[in-house]
Amino acid sequence: MNKTSKLMISIALAGAAFTASSWTVLTNANAAAATTSTAQQYTTTKAPAKQADNPYAVAGISSAKDFHQFFFKFQQAVQHNKKSTVASMVNYPLHVNSNGKTHTIKNKATFIAKYDSIMTPEIKRTLAYAIEEDLFVNWQGVMVGSGELWFSQSNGKIGLDAVNL
């Protein structure tokens, strides 16, 4: 399945999820009574509130604040070429996809040894220009650029999951 197909499926799923969660407005026969008890008049499902508070929830990331801090730190570490810091922010095994093949990076030592071939100038540039508010989020994770980098939360740790060269 190519990237376009995956993107279309993700958009369709996101649209279906969004339309399925609706805001319910309870009304009274008497409009004047609406001012007496707002809590009784309006109820919402909890999903839209959580989604507004945490746009990364669909990706399994439990805290928008934690992702914001992680993403800023990750950008800075890559910008300053701090290989060890970047390596500690990876969810292993890391999947590196290049030329139709998937390479699995199993640990921090291997990541550091292959850092320059994984964090290429193109990847670094894409990450440097990434604006958090513009990141694409779906059930697979948080995507940077056109899918060059994917982040998610695993075992309570936010980290880099995949690199597409």
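The values are calculated or read from the model by the stated rules, or taken from the named source; none is laboratory data. Keep in mind that what you see is a predicted model, and the values were worked out from it rather than measured. Here the Cβ is made from the backbone with ideal geometry for all residues, glycine too, and neighbour counts use every protein chain on show. Side chains are part of the model used for accessible areas, which takes the heavy atoms of the whole protein and leaves out ligands, DNA and RNA. Shrake-Rupley method; radii C 1.70, N 1.55, O 1.52, S 1.80 Å.
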Worksheet item: According to a simple spin-label model (label point 7 Å from Cα along Cα-to-Cβ), what is the distance in nm between residue 81 and residue 102?
Response: 3.2 nm
Worksheet item: Given labels modelled 7 Å from the Cα in the Cβ direction, how far is it in nm from residue 112 to residue 95?
Response: 2.7 nm
Fill in: Percent accessible area from carbon and sulfur atoms, segment 98-165, protein chains only, probe 1.4 Å
50 percent
Worksheet item: Can you list the aspartates and glutamates whose alpha carbon sits under 18 Å from that of residue 108, skipping same-chain ones fewer than 8 residues off?
Response: 116, 161
Discussion item. How much length would be gained if the chain were fully extended between residue 88 and residue 122, taking 0.36 nm per residue of separation minus their Cα-Cα distance, in nm to one decimal?
Written reply: 10.1 nm
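As a quick test, which of the pairs 83/124; 73/106; 114/157; 65/106 have an alpha carbon distance above 20 angstrom in this structure?
Values: 83/124 12 Å; 73/106 22 Å; 114/157 22 Å; 65/106 28 Å.
Check vs 20 Å cut-off fails for 73/106; 114/157; 65/106.
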Item to complete: May I ask you to give the solvent-accessible area per residue for segment 62-131, in square angstrom, as obtained with a 1.4 angstrom probe?
Response: 59 Å²
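How much length is gained if the chain between residue 157 and residue 63 is pulled fully straight, taking 0.36 nm per residue apart and subtracting their Cα-Cα distance, in nm to one decimal? Intermediate results must be reported in sequence, preceding the final value.
Details: separation 94, 0.36 × 94 = 33.84 nm, distance 1.09 nm.
The span from residue 157 to residue 63 would gain 32.7 nm if fully extended.
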Response to the item:
Row for segment 55-165, column shape: gyration tensor on C-alpha, a ≥ b ≥ c, rounded if a/c < 1.5 i.e. under 1.5, prolate if a/b over b/c, else oblate; value rounded
